[in-house]
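Everything below concerns the one structure shown next.
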Amino acid sequence: MKKKMLLLNTTVLLGLGGVLSTPAYASTIQDMESQKSQIQNQRQDVQSNIKAASDELTRLQAEQDQMKAQLERLTLAEEENNKKAQKTEADIKETSKQVDQLEKEIKLLQEKLEKRNDILKDRARSMQESGGNVEYLQVLLGSSSFGDFVDRALAVSTIVDADRGILTETKNMQDELKTKQADVKSKLASLEDMKAELDEMTVQLAAQKKQKDALAKELKDKEAKNEELKASLQSKDSSLANEQSTLEQNIKDQKAAEEAARKAAEQAAKEAAKKAAEQAQKAAAAPAEKADSSSAKAEAPKASSNDVAPTSAPAPKASNVVTVGNRWIGNSAYVFGGGRSQSDINHGLFDCSSFVHWAYSQVGVNLGPLGSVSTETLKHAGTQVSSSQMQPGDLVFFDTYKKDGHVGIYVGGGKFIGAQSSTGVAIANMSSGYWKQKFNGRVVRI
């Protein structure tokens with residue numbers, strides 16, 4: 001009897017062990033773990049691609065912001081130059097009116113002089129024919145009475161005074177004519193300079209407009225690529241979210257299945273144990289042992305992140321006048337008369353002389369009042385040296401719309417840095433091409 005009960009208990013336990021370690025369930029766990037590993041690898045690849053796309057998006061956005069700032073700067077420069085052009089045109093018209101008025105006055109003065117000359121010629125001819133002052137004496141001695149003598153004397157005195165007055169007035173009118181002629185010449189010369197400035201500004205505006213249009217097209221292309229990148233990034237992110245959601249749902253379902261299987265196994269074990277106990281009691285055998293089986297639980301490996309915070313390069317330090325202006329290359333615009341206020345400087349709006357003044361101020365050298373700085377003041381600011389002895393940091397001058405109309409800072413190697421009308425602050429070659437032709441040989445060492 002005892003042998004029968006032992007055999008029965010052994011059979012129950014073996015049956016219970018079979019329930020707790022179902023081969024089909026173990027196979028499902030392996031498949032899920034393998035699938036999970038594959039999805040995790042795919043997710044790592046997708047996340048790597050997303051990070052690369054995000055970095056590219058950030059770079060494009062930074063470039064886009066920089067280009068927008070340059071466009072705004074060029075637009076502001078164009079507005080300021082247009083104002084200057086309008087004012088110059090108004091000054092030219094006003095000066096032309098003044099010149100016309102002076103020419104009319106000169107014409108009237110010349111007519112008056114011609115009349116005075118005719119009178120003087122007649123008087124001189126009359127005095128010459130009558131023997132000069134002898135005629136005056138004969139007039140006086142030929143009087144018939146004392147009253148007649150007085151009248152004649154007064155007449156002679158009046159004639160002499162009138163001649164003297166005409167001569168004096170003629171001399172004054174001649175001097176006035178010379179003065180007004182000099183004034184007209186000076187105004188005409190000034191007018192020609194202003195016209196040359198206006199022509200140069202027109203060229204500058206056209207160059208800046210061309211540059212702005214080119215930047216606008218480039219910005220449009222960049223924005224299109226940026227939008228395309230965003231769309232691609234969103235698509236990848238959506239795909240990643242779907243895969244992640246699928247993975248999480250699979251894991252959830254697998255855990256639910258695991259929990260259900262565990263509970264079913266426990267219930268089966270309890271029922272088997274109960275039956276075995278009942279049979280054991282009936283057979284007076286030892287209580288059946290419970291066999292516990294534990295299911296292996298897979299713990300999802302934690303995704304590690306190896307992100308490195310981006311580090312920004314230290315801002316370039318202005319060490320000398322040759323390199324201090326490099327910060328404005330690609331971030332500035334040329335404005336005729338610009339750079340003489342803090343607002344202009346903050347926006348990178350310079351003309352050639354104000355840029356030179358700013359650059360030297362950054363290294364502690366004051367080149368005079370900012371409001372009145374010009375190529376004329378700068379060419380007298382230091383010592384004139386031969387172009388053959390030119391060194392980095394020297395000022396170099398060019399004949400553009402007028403003599404010494406442009407100035408820059410020599411950087412060496414036949415190049416100089418300055419604010420140019422078509423580029424803003426830039427390094428230009430003065431050993432060939434346009435600037436070689438315009439360089440007049442003036443070099444000033446500060």
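Only the coordinates and a few stated rules stand behind these numbers; no lab work does. Keep in mind that this is a model prediction, so the values were computed, not measured. Ideal geometry is used to build each Cβ from the backbone, glycine not excepted, and the neighbour counts take in all protein chains shown.
Report D for region 328-446 in µm² per second (integer): Stokes-Einstein, Kirkwood Rh on Cα pairs, 4 °C, 1.567 mPa s. Before the final figure, lay out the partial values.
Numbers: Rh = 14.0 Å.
After rounding, the answer is 92 µm²/s.
Give K210/K415; K87/K436; K210/K403; K83/K209; K68/K217; K195/K402 a once-over and call out the pairs whose C-alpha atoms are over 20 Å from each other. Let's see the in-between values first.
On the way: K210/K415 24 Å; K87/K436 32 Å; K210/K403 27 Å; K83/K209 15 Å; K68/K217 12 Å; K195/K402 11 Å.
In this structure, K210/K415; K87/K436; K210/K403 lie more than 20 Å apart at Cα.
Partner lysines whose Cα lies under 27 Å from the Cα of K236, excluding those fewer than 8 positions away in the same chain, are identified as K36, K51, K220, K222, K225, K252, K302.
Rounded to whole numbers, the Karplus 3J(HN,Hα) couplings from phi for region 103-112 are 5, 5, 5, 5, 4, 4, 5, 5, 5, 5 Hz, using 6.51 cos²θ - 1.76 cosθ + 1.60 with θ = phi - 60°, and x at Gly and Pro.
Here is the P(r) of region 402-446: all C-alpha pair distances, binned every 5 Å from 0, give 5, 21, 34, 30, 9, 1 in whole percents.
Just to verify a number: FRET efficiency for M173 and A207, C-beta to C-beta distance, R0 = 45 Å, to 0.05? Could the numbers behind the result be given before it?
Numbers: r = 51 Å, r/R0 = 1.13.
Once rounded, the FRET efficiency stands at 0.35.
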